[in-house]
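Colleague: I am attaching a structure below and will ask some questions about it afterwards.
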Amino acid sequence: MNDKAQDPRVTRARLSGPEQVTKDATIAELKRDGFMTVLV
């Protein structure tokens, strides 16, 4: 998936709080093995 804005994980994270907070936020995913991947 090239466009991260279309990633449902990013969409869900951006909808989780007020737009003024989430629009410029770093969005990361923590994997079960403890590694973190920055999505945006």
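Colleague: How large is ³J(HN,Hα), in whole Hz, for each residue of the stretch 33-40 in order, when computed from phi with the Karplus curve 6.51 cos²θ - 1.76 cosθ + 1.60 and θ = phi - 60°, using x for Gly and Pro?
Modeller: 7, x, 7, 10, 10, 7, 8, 9
Colleague: Related question: What spacing in nm lies between the two simple spin-label points modelled at LEU39 and LEU15, each 7 Å away from Cα in the Cβ direction?
Modeller: So the label points at LEU39 and LEU15 sit 1.2 nm apart.
Colleague: Okay, moving on. Any idea what the relative contact order of the chain is, in percent, if you count C-alpha pairs under 8 Å spaced at least 6 apart?
Modeller: Averaging sequence separation for qualifying contacts and normalising by length gives 31 percent for the chain.
A short reminder: the numbers here are calculations on the coordinates, not readings from a lab. Predicted model only: the values in this text are computed from it and were never measured. Here the Cβ is made from the backbone with ideal geometry for all residues, glycine too, and neighbour counts use every protein chain on show.
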